[in-house]
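As structure tokens, the structure follows; a few thoughts come after it.
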Amino acid sequence: MSADGPLKVSTKSSPNAVAGALAATLRERDCAELQAVGAGAINQAIKAVAIARNYLKAASIDVVCVPAFITVAISDNERTGISLVVERRSAAAASSEDHVISEDAVKEEMFVGGAHGESLA
């Protein structure tokens, strides 16, 4: 996605380091791509996007994240991963759609579950 290719995230990646690289890319370009294979790596990538949003606030830049499945070749095996295309969004869209969710609301949703009431914890 970027001229230097996607940022590859692993389970061992530091979300703060990935967020710094992502924020630096988005200060220079309109979009960047993160790629991750496996639950742990995807978790680190999502945390990095959230942290990068905070890093970019001072520059009045907000972002959206578009996930997609990808196939990645690892040691002659094909694995399914996630690509997160992170794009700048307009300031008007950011201010009209900015939502603040309390930590308590997140915890409640985790224990109550979705529409079916299953426990997500």
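Looking at (1) within 16 Å of residue 85 (Cβ to Cβ); (2) surrounded by 16 or more Cβ atoms within 10 Å (Cβ to Cβ); (3) among the hydrophobic types (A, V, I, L, M, F, W, C), find the lone condition where residue 51 falls short.
So the condition that residue 51 fails would be (1).
Can you find a residue in the stretch 16-31 that is touching a helix residue (DSSP H, G or I) at 6+ places or on another chain (Cβ under 7 Å), under 11 Å from residue 86 (Cα atoms) and acidic (Asp, Glu)?
Among the residues of the stretch 16-31, not one is touching a helix residue (DSSP H, G or I) at 6+ places or on another chain (Cβ under 7 Å), under 11 Å from residue 86 (Cα atoms) and acidic (Asp, Glu), which makes the answer no.
So which helices (runs of 4 or more DSSP H) stay within the stretch 1-102 end to end and still have 1 or more residues that are at pLDDT below 95 and in contact with a strand residue (DSSP E or B) (Cβ under 9 Å, 6 or more places away or on another chain)?
Fully inside the stretch 1-102 and qualifying: 91-97.
The values are calculated or read from the model by the stated rules, or taken from the named source; none is laboratory data. Because the structure is a prediction, the values reported are computed rather than measured. All Cβ positions, glycine included, derive from the backbone under ideal geometry; neighbour counts span all protein chains shown.
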